[in-house]
1. Can you tell me which of (1) touching a residue at least 60 places away in the same chain (Cβ under 8 Å); (2) under 30 Å from P385 (Cα atoms); (3) surrounded by fewer than 17 Cβ atoms within 10 Å (Cβ to Cβ) is the one A299 doesn't meet?
2. How many residues, within the stretch 284-296, are open to solvent by 20 Å² or more (accessible area, probe 1.4 Å), touching a helix residue (DSSP H, G or I) at 6+ places or on another chain (Cβ under 7 Å) and more than 17 Å from A350 (Cβ to Cβ)?
3. Give the residue that is nearest to R405 (Cα to Cα), with candidates limited to residues of the stretch 479-513 that are among the aliphatic types (A, V, I, L, M) and at pLDDT below 95.
4. Out of everything in the stretch 411-438 that is touching a residue at least 60 places away in the same chain (Cβ under 8 Å) and over 20 Å from R500 (Cα atoms), what residue ends up being surrounded by the fewest Cβ atoms within 10 Å (Cβ to Cβ)?
5. Within the stretch 335-389, count every residue that is within 48 Å of the chain's Cα centre (by Cα) and of a type in the set (G, A, S).
6. If you go through the stretch 400-409 one residue at a time, do you hit one that is of a type in the set (D, E, K, R) and over 30 Å from A477 (Cβ atoms)?
7. Output the number of residues of the stretch 256-274 satisfying the condition of being touching a residue at least 24 places away in the same chain (Cβ under 8 Å) and either surrounded by 19 or more Cβ atoms within 10 Å (Cβ to Cβ) or over 18 Å from D318 (Cβ atoms) (or both).
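The values are calculated or read from the model by the stated rules, or taken from the named source; none is laboratory data. Being a predicted model, the structure only gives us computed values, none of them experimental. For neighbour counting, all protein chains shown are included, and Cβ atoms are generated from backbone atoms with ideal geometry for every residue, glycine included. Note: accessible area is taken over every heavy atom of the protein model, side chains too, but ligands, DNA and RNA are not part of it. Shrake-Rupley method; radii C 1.70, N 1.55, O 1.52, S 1.80 Å.
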Amino acid sequence: MFGWKGLGVTATGIAVAAITRVLRQASGSDPADRDPAGAAQEGPGNGYVRRESGLYGSAAARPQDGGGHPRGGTGQGAGGGARAGDGADPGARIPRSPASGSPGPEAEAFPSAPSASPVPPTPPAPPAPPRISPVTPYGAGARDSAGTAVPARSAPPPAGGGPAPHGYRAAPGPDPYGERPEQPAPPGPTSPRPTAEEFTGAAGVPAPAPEGTPPGRQMRGTGLALPASDDQGPPVLVRGSRASREPWRLPAEPGPHGLAADEAALGGLTVRAASVIGPGHRAQGRPRQDAYRIGRDRAGEHLVIAVADGMSDSAHSDVGAQVAVSALVNSVRASLDAGTPLERLDHCAAFLSAAGQMIAVAEQRDWDPDTVRAVAVVAVVPARPHVNGRRRVWLASIADVSAWRLSGGDWERLIGEEKHGFDPSAVARYLPHDPRGADHGVVELSPTCVLAVTTDGVADAFATGLQARRWFAERWARPPAVGTFLNQVGFDQVQMHDDRTAVVVWCDDEEHR
């Protein structure tokens, strides 16, 4: 009897459980209807809802609405998805595909179940664009957040122009996988691209040479022809000498600079000065024996010029020439500062002062005075012309150093001995032994004249013929740049190996042009 009672109780329990299950299914609260992960299902149209915690936060977000961090952030989705029910597991996550964290295929195993209680239908959210992966480059090979390949675009998104189109990074950057597509023109007024001629003209870059331009020359934007190279060396008057191609050798003892140049302006005067060691001296390792000095009186009313040429057969003539020009300029300046009129300057006193200082330097260094021999010329030019626009120039010279006047396109010797005889380089008078043998005089310069004070290294070129004189007349008709002037003074010509020195003065007064 007991066994049958137990069976009756068991049958009764089974029936009660069945009735209870039917009632729970009717009310929609049966635990069997929940998904295995414990995530409650909502009404149709609301999608999946998850609750996250721990590393990625605890707020719910709907991936298809584009909300939250790509790796499962903390923000609510744009569509405002509903919270999970009280019975949901807070640690449960919907399996995601590896592309961008969107619901994976495993989530389709848990379809939404209709709710027993009436729920107002929610309009479906508009489809959102796929999330942009932060490491996906724009152009070829781009993929959206679902892993779908996106066709390459012909142009990247404009910077700062809103959200990036599908398949592009939000921020432009270098393309690591190939050539970056061409940027589209920004909105607004545009101008046509400049031509090559306009660009080179604005930037000061020489334009390509037009057809027919000689080889080695090109045209600037102005159309002027240029040499193939700035390093052309000294100009050749007629024929270059072999000595000019020899290397420059250093003297056994330190001496004056091989090159010296100056430019200056005083009143209406423009001055260029240069001295270049000759090929004969530099190829033999001998110092430059020419020297020059330019100065002015204290009032700035007169330009004072001195040029000297050391004698080659004198061991220390380079020192003698340097001392001579310094002494001549200082002596004449002192006389001008004392109020001596230009026409009454004492040329003997000036050369006596130079000879005395040359002898003193030789004795101080325990040299024979004969080892510092030199010849020299001195000139004084008023800084401002007279009322008639002309200047009276005072000159004094010993031996063959000279002064020349350029007038009417040709050079005229003003002072200095002409070379003649069996040995043209021989001189009868020189410093420091014959200071009273100097010549002197006063000449006039018109506003269009040019005065050149030179050693015989340049004067010999003037005296060689009409072609050389015209060459210098054309180049020194106006003041050249000092570098150009230095190169011209260092000209090359066969059988002319002496040092070259010239101080040239242009009387360029604006009121008397």
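1. So A299 meets the others, but not (1).
2. Residues that pass the stated criteria total 1.
3. So the first thing to find is which residues in the stretch 479-513 are among the aliphatic types (A, V, I, L, M), and the list is 481-482, 486, 489, 494, 496, 502-505.
Then drop every residue that is not at pLDDT below 95, which leaves 494, 496.
Working: V494: 25, M496: 22 Å.
Top of the filtered list is M496.
4. Looking at the filtered set, the residue picked out is R436.
5. Total meeting the criteria: 5.
6. Of the residues in the stretch 400-409, the ones of a type in the set (D, E, K, R) are 400, 405.
Remaining after also requiring over 30 Å from A477 (Cβ atoms): none.
Within the stretch 400-409, not a single residue is of a type in the set (D, E, K, R) and over 30 Å from A477 (Cβ atoms).
7. Filtering the stretch 256-274 for residues touching a residue at least 24 places away in the same chain (Cβ under 8 Å) gives 256-264, 266-274.
Checking the rest, the ones that are also either surrounded by 19 or more Cβ atoms within 10 Å (Cβ to Cβ) or over 18 Å from D318 (Cβ atoms) (or both) come to 256, 262-264, 266-274.
Final tally of qualifying residues: 13.
Quick grid of which residues meet (1) open to solvent by 10 Å² or more (accessible area, probe 1.4 Å); (2) not polar (S, T, N, Q):
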residue	(1), (2)
G310	no, yes
Q322	yes, no
R333	yes, yes
D337	yes, yes
